[in-house]
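Here's the structure we're looking at; comments come further down.
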Amino acid sequence: MISFSNINKQYGKQLIFVEASFQLNPGEKVGLVGPNGAGKTTLFRMVVGEEFPDEGDISLPKKLTIGYFRQDVEEMQGRSVLDEAIAGSGRLGDLHHELERLQHAMGDPEQADELDKILERFGEVQEEYDHLGGYSLEAQAREVLHGLGFADDQIDGDVGALSGGWKMRVALARVLLGKPDVLLMDEPTNHLDIESIIWLEQFLKNYQGALLMTSHDREFMNRVVTKIAEIDAGEITVYSGNFDFYERERAIRETNQQAAFARQQAMLAKEQRFIDRFRTHAAKAAQVQSRIKALDKIEKLELPKRRQVVKFEFRVPPRSGDQVAVLEGLHKSYGPRVIYQGLDFTIRRGERWAVMGRNGAGKTTLLKMIAGVTQPDQGEVRLGASLKMGYFAQQSLEVLDQSLTVFEQLQRDFPHDSIGALRTLAGAFQFCGDDVEKPVRALSGGERSRLAMARMLYDPPNFLVLDEPTNHLDLGTKEMLVEALKEFEGTMIFVSHDRMFLRGLASKVLELGGESGTERQPLVYPGPYAEYVAKLGHEAPGIYH
């Protein structure tokens with residue numbers, strides 16, 4: 001279906017692809033992996049014709065339809081969420097909007113002279129629209145938007161009023177509704193909550209077309225893809241299996257490569273000793289020359305590149321009082337929408353609370369009230385004695401100084417710490433080598449998240465309040481963070497859609513009520529997340545059948 005043959009691609013001195021080949025076949029679901037900067041986005045752009053290889057061939061069937069979901073979303077305004085979603089559904093979307101324009105024209109007195117022409121065109125468009133199944137399009141669009149977490153009032157509301165994260169969901173709905181032959185998806189789960197992720201998993205598993213996607217969500221990858229294409233050091237290597245299979249197989253290949261390298265090094269050393277020993281012996285001259293020529297012809301093996309994840313070790317935070325936070329009689333509404341009515345909740349020292357619930361249940365609002373960013377309409381939030389709070393949300397990124405580099409930011413925050421200690425901190429959060437000299441203003445969303453997290457955890461608080469801390473983090477950093485937080489001796493409350501994070505850290509679960517906030521009382525589960533899932537029989541809190 002899509003074939004890359006001997007592709008070369010270079011940006012300045014940086015080699016992205018070297019004689020790389022890859023093929024995506026009809027119906028295949030492939031996960032694209034590789035370190036930052038390896039060329040994953042470049043591959044997507046070459047598929048859609050936004051970039052071209054320096055050398056090599058890319059072949060695509062002429063009538064192939066491609067849907068591309070990317071992280072940068074264009075401006076959306078002037079339409080309802082429903083219309084904006086439908087606009088992306090290829091030919092059907094075009095016909096849908098042309099029908100709307102023609103209906104408007106039929107009722108426009110200024111176009112009365114052209115009514116016959118308008119009616120004729122309306123009949124043609126309506127026939128094609130009906131033939132392509134257009135009259136079920138709105139129902140399909142609502143189904144997809146519901147699956148991605150939209151309520152009915154949002155679906156019919158102005159798309160321009162949505163936040164950036166919700167606009168990303170609209171962009172995702174547009175791509176899914178188009179039902180292209182090939183779906184290219186760059187981090188589709190970044191702005192989704194766990195319910196929407198599970199809906200998307202099911203949608204993609206049932207999808208008839210081909211899928212090529214990147215994702216930092218291991219569970220999502222494991223459940224959706226059946227092949228992994230790894231980009232590393234300019235090459236594309238394909239593994240037939242899910243992400244767990246890829247990791248096991250890659251480790252086996254690395255071990256075999258290291259063994260082969262060691263054997264070759266031993267052989268080369270032995271030959272070199274013979275050459276050095278008998279170089280000046282006339283009787284052995286022919287043998288020496290023969291061995292020198294043989295060594296020149298041997299293709300030298302290289303050690304496999306190993307990705308080092310620097311371990312982050314917490315300093316011991318100061319001890320807090322036994323009662324960390326007490327919430328009494330909390331009421332909170334946004335306009336007519338009631339979030340809380342009389343919520344009582346206590347967090348004690350050493351507890352690790354995962355906050356679950358549907359969209360609109362008030363997960364982020366709860367964390368904001370604990371952090372003092374938002375005030376309740378009624379009730380009280382009391383924080384305990386000797387408390388040092390660390391609050392991480394996407395807004396945390398705004399406190400970074402745009403004029404500094406990564407390393408200058410760390411030096412300004414921790415002026416009494418050594419350069420070595422700060423470099424180790426930067427390395428633990430994947431700022432290695434020249435990356436520490438990057439200006440903050442040039443960092444991607446993921447890099448900003450890593451820097452904000454590094455600043456917060458280096459001088460650790462004893463109470464962590466984390467809202468989606470793993471958004472944009474790659475798997476290596478995410479796994480390092482989970483392992484580090486397992487050793488954290490303070491108290492935590494967090495919202496996360498990442499199941500590895502939930503299973504690794506949550507010792508207790510608070511599941512908030514439904515969209516109105518009054519459908520069900522909050523559920524307090526006194527055990528870890530995995531136990532909670534087993535007991536309730538569903539992975540995604542808030543989904544009841």
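If only the Cβ of Lys and Arg carry +1 and only the Cβ of Asp and Glu carry -1, the dipole of segment 77-178 around its Cα centre is close to 700 debye. The mean sequence separation of alpha-carbon pairs under 8 Å and at least six residues apart, normalised by the residue count of the chain, gives a relative contact order of 15 percent.
Once the chain from Glu408 to Leu268 is taken as fully extended at 0.36 nm per residue, the excess over their C-alpha distance is 45.8 nm. Rounded to the nearest Hz, the phi-derived 3J(HN,Hα) couplings of segment 58-66 under the Karplus curve 6.51 cos²θ - 1.76 cosθ + 1.60 (θ = phi - 60°) are 10, 10, 9, x, 4, 9, 5, 9, 10, where x marks glycine and proline. Ranked by the mean number of other Cβ atoms within 10 Å of their residues, highest first, the peptides 50-61, 328-339, 344-355 fall in the order 344-355, 328-339, 50-61.
Note on the chain: antiparallel DSSP beta bridges, both residues inside, total approximately 50 percent of the bridges counted. If you take the beta carbon distance between Ile58 and Arg423 as r and set R0 to 30 Å, what does 1/(1 + (r/R0)^6) give as a FRET efficiency, to the nearest 0.05? With R0 = 30 Å, the Cβ-Cβ based efficiency is 0.15.
Less than 5 angstrom separates the built amide H of Leu32 from those of Met213, Thr214, Ser215, Ala229, all sequence-distant by 5 or more or on a different chain. Taking label positions 7 Å along the Cα-Cβ direction at both Glu254 and Ala282, the computed distance is 5.5 nm, reported to one decimal.
Taken about its Cα centre, the chain carries a charge dipole of roughly 3560 debye when the Cβ of each Lys and Arg holds +1 and the Cβ of each Asp and Glu holds -1.
Taking other residues whose beta carbon is less than 13 angstrom from the beta carbon of Pro528, and scoring Lys, Arg as +1 and Asp, Glu as -1, yields +4. Annotation: average projected area of segment 77-178 is 6.7 square nanometres, based on the convex hull of Cα atoms across all directions. By the rule of a C-alpha distance below 18 Å, with chain neighbours fewer than 8 residues away ignored, the lysines paired with Lys63 are Lys179. Just to confirm my numbers, what's the Cα centroid distance between segment 323-354 and segment 2-28 in Å? Centre-to-centre (Cα) distance: 51 Å. Phi angles across segment 10-21 convert, under the Karplus curve 6.51 cos²θ - 1.76 cosθ + 1.60 with θ = phi - 60°, into 3J(HN,Hα) values of 9, 10, x, 8, 8, 7, 9, 10, 10, 6, 8, 10 Hz, Gly and Pro given as x.
Ordering 74-82, 474-482 by mean Cβ neighbour count within 10 Å, with the highest value first, yields 474-482, 74-82.
Rounded to whole numbers, the Karplus 3J(HN,Hα) couplings from phi for segment 388-393 are 10, 9, x, 10, 10, 9 Hz, using 6.51 cos²θ - 1.76 cosθ + 1.60 with θ = phi - 60°, and x at Gly and Pro.
For the chain, the percent of C-alpha pairs falling in each 20 Å distance bin, counted from 0 to the bin holding the largest distance, reads 17, 45, 28, 8, 2, 0. Summing charges over neighbours of Ser403, with a neighbour being any other residue whose Cβ is under 11 Å away from its Cβ, gives 0 when K and R count +1 and D and E count -1. Compute the distance from the alpha-carbon center of segment 377-422 to that of segment 84-159, in whole Å. Rounded to whole Å, the Cα centres lie 49 Å apart. A Förster radius of 51 Å combined with the Cβ-Cβ distance from Asp116 to Met1 puts the calculated FRET efficiency at roughly 0.70.
Short to long, the 5 Å bins of the Cα pair-distance histogram for segment 323-536 hold 1, 7, 14, 18, 18, 15, 12, 8, 5, 2, 0 percent of all pairs. If you take all other residues with their beta carbon under 14 Å from the beta carbon of Arg319, and give Lys and Arg +1 and Asp and Glu -1, the sum is +2. Once the C-beta distance of Gln103 and Arg45 is scaled by a Förster radius of 35 Å, the resulting FRET efficiency is 0.35 to the nearest 0.05. Here Lys297 is the anchor, and the aspartates and glutamates within straight C-alpha reach of less than 15 Å, apart from those fewer than 8 places off in the same chain, are Glu271. Distances between placed amide hydrogens fall under 5 Å for Glu351 paired with Met492, all partners being 5 or more residues away or on another chain. Ordered from longest to shortest, the equivalent ellipsoid semi-axes for segment 2-44 are 21, 13, 7 Å, each the square root of 5 times a Cα gyration tensor eigenvalue. Candidate cross-link partners of Lys535 among the lysines, defined by an alpha-carbon separation under 16 Å and a same-chain spacing of 8 or more, comprise Lys508. Extending 7 Å from the Cα toward the beta-carbon at both Phe261 and Glu437 defines two label points whose distance is 2.7 nm.
No value in this document is a laboratory result; all are computed from the given coordinates. Worth saying up front: this structure is predicted, and the values here are computed from it rather than measured. Neighbour counts are summed over all protein chains in view; Cβ atoms, including those assigned to glycine, are modelled from backbone coordinates with ideal geometry.
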